1. Sorted from largest down, what three extents in whole angstroms do the Cα atoms of segment A:643-796 have along their principal axes?
2. Express the Stokes-Einstein translational diffusion coefficient of chain A in µm² s⁻¹, to the nearest whole number, given a Kirkwood radius over alpha-carbon pairs, 10 °C and a viscosity of 1.306 mPa s.
3. For chain A, give the share of DSSP beta bridges that are antiparallel, in percent and rounded to the nearest 5; count only bridges with both residues there.
4. At 0.36 nm per residue, and after removing the present C-alpha to C-alpha distance, how many nm does the segment from residue A:389 to residue A:405 gain when stretched out fully?
5. So what is the relative contact order of segment A:510-578, in percent, for Cα pairs below 8 Å that sit 6 or more residues apart?
6. Over the Cα atoms, compute the radius of gyration (one decimal) and Dmax (the largest Cα-Cα distance, rounded to a whole number) for segment A:72-183, in Å.
7. Sequence gap at least 6, Cα distance under 8 Å: using those rules, report the relative contact order of segment A:1-120 to the nearest whole percent.
8. In a solvent-free Debye calculation with one equal scatterer on each Cα, what is log10 I(q)/I(0) for segment A:450-607 at q = 0.15, 0.19, 0.21 Å⁻¹, listed in the order of the q values?
RNA sequence: GCCCGAGUGGCGGAAUAGGUAGACGCACAGGACUUAAAAUCCUGCGGGUGUAAUAACUCGUGCCGGUUCAAGUCCGGCCUCGGGCACCA
């Protein structure tokens, strides 16, 4: 049999014997849930990058099963989204059909690679049986006041007359025609995610995410603690500002408010230079999000003539500006400007010729502001700050806050960068949002028993000219009756974002065929949480945050048993082309896993991708190194001929050491060193003159099985070594047997390595000293010198100091 | 700008409770087998001085300092590259 036939044979056996199907509620075993991000089934097929992460988690799943866990290791498809829609538009086929084809290809490829997924739990986010529950859960958000409609800007291409996702508007231009993208106001569904900011932050303590993943979440949430202070306007009225540097309050020389905020609308009647101000507001609205946040642009803005604000601490009257660096949806949409101590305010003041007042000593504001990261932690004192002059920064922060709070004009508050989740997409290929608009009743949720609300079969998927979803054109579908009053009404035509289906799919795997609930409480209580979740770094911020938010909400309304359902999150590195660049068709450096499987076999590809380097770092493809892995497997096949009648391990220490090394390495994603340990084992076996025992050989196969499952099973069967490897218990090592009888260690004299010595377990400082001082070379170095110190670190080193 | 991560042979990478730097693999060179090539097997493989060959010495983990008997690993200060966030008050 050739490699290909061997691999097919075992894949068939695994499928027929259903060895990888997880049983719900098996109380004889400990449940263990391993998840890898389900792919978006594009037309390109599986990428070698997929193979890397799937092999890694597959190896983990296989080992855990052998260690006696009830392993849930599912796979499915995240198939809603723009690429499938684009493909459909281009080729005039229903995205449903394209997705079906692609899934077939992906699944076939995965099966050829021997991944031990439990295919009985497979589903796609586009299955009505699945998205029924995504819609149902949206209704729960709505019913608990967590979903609302708001007017939000969207990326709009004026030429294509279409709404663009942030990805399609990358760089501020339309990906298709290159036209500059503008912001257009649209009424959209929102989920109140910002209200979960603190919970999402706190919840991280209940997870075991990698540190950098946690940091990604923390940065995205972006908490900052400060003071919200009321500011009176000359002639009546007031507004509030948010600051993290209240200690600089005496340095205020102007205020800036957001052109897109509510405040300017209130102040408008009192503005004397209305025309100028209105023009500025209009210009801001036109700017794309990118242009507006471009750091290098000028500090644009316009003064509000006829309106002055009063600094609450000293009564000083200062001007108010409109500036687009202030964002309408963060904080209060207004800031106090202290140009002496904030670089942004400094630049603004320079651009508009405004006064600066230093209130913290020790800086030099000729060229730039003296900012908090410079003055904090140093011994800086307040100046020009009335009764607070002379206090340290920290003291002043506290006392000024206290005074303002006591006067009732300020509050300590937290602000978060994370906003509510814009949940509408003006697209066809997504879950329809199950809401109906009635002239009399407003927005009315669909009756839950009418779910799923199916996507209609239509021929056109192009977005409409006015930015509506293509669904808006399908009048049969849009027109319905109000579930509440029965009057004619219209359906929501926006669909859900791609992130929706992936926010809870890991729950569905626990009970994938349930048609009464999204998953039974029993199943969720049994599996509890995802023990190990692997995915790309690009998803560690947003996808993970959305999924955690979704779960926390379901938990709060009593629908899931656990608040954080993902325990460990790890992220893998990318596989780059051999030229060290990201693989892409245009660069011609794409490696197709199918070709590699055809030429070298799945096991070789699997071993290679695990051996390629540190799993969490990027790695470049090398066909030469691949050949080395092929050689490794060939040598294992060949050494089977050296099996003889001997029993027991030829080298007990080596056997136990390798079990330990491989077990620990596979558990901590150090696949490359696990394979290196097995290569060392093989190298040793090849040196055994008298051949190897069945136990020796079997152990090598057992330890390699999670990474190269086909060939190891085949050899195990060929030499009749015992039961199928996927059904046995993982080998365990004896801690007592991993210590070498003797060890050669180095001898340092005055810090330099000069000689070595063999020590045994029984040796102590005195016996070693005796031995060492008797060695010719050591004697030579010590001649005529006096030993001032003798250090023996058992099994590590001998260090002698002389003078 | 801020926050992470990383700099080790020709290459991918090992080694961090500080303890013989370069495991394992690739590439390369020499040899064996072969009519020949491929495949396979054996040997060597950081730089330098040195030797007939050993030996021996010396320099070496991005750079400069420090702590220590001992630093790739710890501390201080830089440089470079990669990633994320980015006018967040």
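Each value in this text was obtained by applying a stated rule to the coordinates, not by laboratory testing. If you're wondering where the values come from, they're calculated on a predicted model, not measured in any experiment. Neighbour counts are summed over all protein chains in view; Cβ atoms, including those assigned to glycine, are modelled from backbone coordinates with ideal geometry.
1. 67, 35, 23
2. Details: Rh = 31.7 Å.
Result for D is 50 µm²/s.
3. Values: 69 of 93 bridges.
Roughly 75 percent of the beta bridges in chain A run antiparallel, per DSSP.
4. Details: separation 16, 0.36 × 16 = 5.76 nm, distance 1.93 nm.
Stretched fully, the residue A:389-residue A:405 segment lengthens by 3.8 nm.
5. Working: 71 pairs, mean separation 27.1, N = 69.
It rounds to 39 percent for segment A:510-578.
6. 18.4, 49
7. It comes to 38 percent, rounded to a whole number.
8. -1.09, -1.14, -1.21
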